[in-house]
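Input: a single structure, listed below in structure tokens.
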Amino acid sequence: MTSAAIEVRALEKSYKDLQVLRGVDFDVAPGSIFALLGSNGAGKTTIIRILSTLLKSDAGSARVNGFDVATQSGEVRESISLTGQFAAVDEILTGRENLLLVAKLRHLRDQGRIADELLARFDLVDAGARKVSTYSGGMRRRLDIAMSLIGSPRAIFLDEPTTGLDPEARLEVWKVVEELASQGTTVLLTTQYLDEAEQLADRIAILHEGRIIANGTLTELKQLLPPAKVEYVEKQPSLEDIFLTLVGTDGRTESRKERS
């Protein structure tokens, strides 16, 4: 066993003539949120697929929760969960039935209790008996993450979890991610949104053209640039500030009740 929950060394991967990963190195501490920040095509999803044993690397090594992804793939899969870019929920089933299905596939006892506890934890009790086809984008994503937690994985991989979500739904997902880490789950998050990495991550690695070009806390990354100049300017509110001010907390609550 290693002290790092996730350990990646000199990882390489090519698709024919296209070299996607060019020697990637990073560690993720247990119970922390680690963000892989990069543009589309940088190699973020390839790393996630290798770490979750869905893809083999060409060179290098990786360990998750102390298990080698190449030689101990079964142990790795039992200790992790993966949430892709789009919610992997069955729209024909209700929210509760989706949770029961995953609990059954994992051969767990007390499947009903597990489903009910997760519905409560993710604020989906009132919607639990409704078909998922009636859910909003934020509700589907919360259900998707809830399904990922069945079996109490020690690490969860979130591959661009807020893609396509509106500002309110993004904040809902951010809250869920922060709660996961506070309860000891290791979170590896890939994103192309700078504000998302800034808001959530304990450490941020910037992936560019298949290489990690920077890795550190937000404070450490800021030190890579020249000291900021002190200037007095009139601060204008951002569009997000305006939106959330107009909608307000009550607006978010009412919106959630209507969707439920």
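Do you know which residues across segment 78-98 are of a type in the set (K, R) and part of a strand (DSSP E or B)?
Hits for segment 78-98: nothing passes.
I'm checking my understanding of the structure. Among residues of segment 55-77 that are assigned to a loop (DSSP other than H, G, I, E, B) and in contact (Cβ under 8 Å) with a residue 12 or more places away in the chain, which one is surrounded by the fewest Cβ atoms within 10 Å (Cβ to Cβ)?
Residue satisfying both the conditions and the ranking: K56.
For residues in segment 18-54 being of a type in the set (V, I, T) and within 17 Å of A155 (Cα to Cα), which is surrounded by the most Cβ atoms within 10 Å (Cβ to Cβ)?
In this case the residue turns out to be I47.
If we keep just the residues of segment 240-260 that are in a helix (DSSP H, G or I), touching a helix residue (DSSP H, G or I) at 6+ places or on another chain (Cβ under 9 Å) and not acidic (D, E), which is modelled with the highest pLDDT?
Applying the first criterion (in a helix (DSSP H, G or I)) to segment 240-260 yields 240-259.
Pick out the ones that are also touching a helix residue (DSSP H, G or I) at 6+ places or on another chain (Cβ under 9 Å) and you get 240, 243-244, 247, 251-252, 255-256, 259.
Then keep just the ones that are not acidic (D, E); that gives 243-244, 247, 251-252, 255-256, 259.
Values: F243: 64, L244: 70, V247: 65, G251: 46, R252: 45, S255: 43, R256: 46, R259: 48.
Across segment 240-260, the extreme among qualifying residues is L244.
Counting only residues that are closer than 24 Å to V24 by Cα, give me the helices (runs of 4 or more DSSP H) lying completely in segment 102-217 with at least 2 of them.
Ranges flagged: 194-200.
Kindly provide the set of residues from segment 140-163 that are in contact (Cβ under 8 Å) with a residue 40 or more places away in the chain, closer than 20 Å to L37 by Cβ and not aliphatic (A, V, I, L, M), ordered by number.
The answer is R141, F157, D159, E160, P161, T163.
Do we find that L221 is part of a strand (DSSP E or B) and of a type in the set (A, V, I, L, M, F, W, C) in this structure?
Here the answer is no, as L221 does not meet what is asked.
The values are calculated or read from the model by the stated rules, or taken from the named source; none is laboratory data. Keep in mind the model is a prediction, meaning the values are calculated, not measured. Quick reminder, even Gly has a Cβ in these numbers, built from the backbone with ideal geometry, and neighbours come from all protein chains shown.
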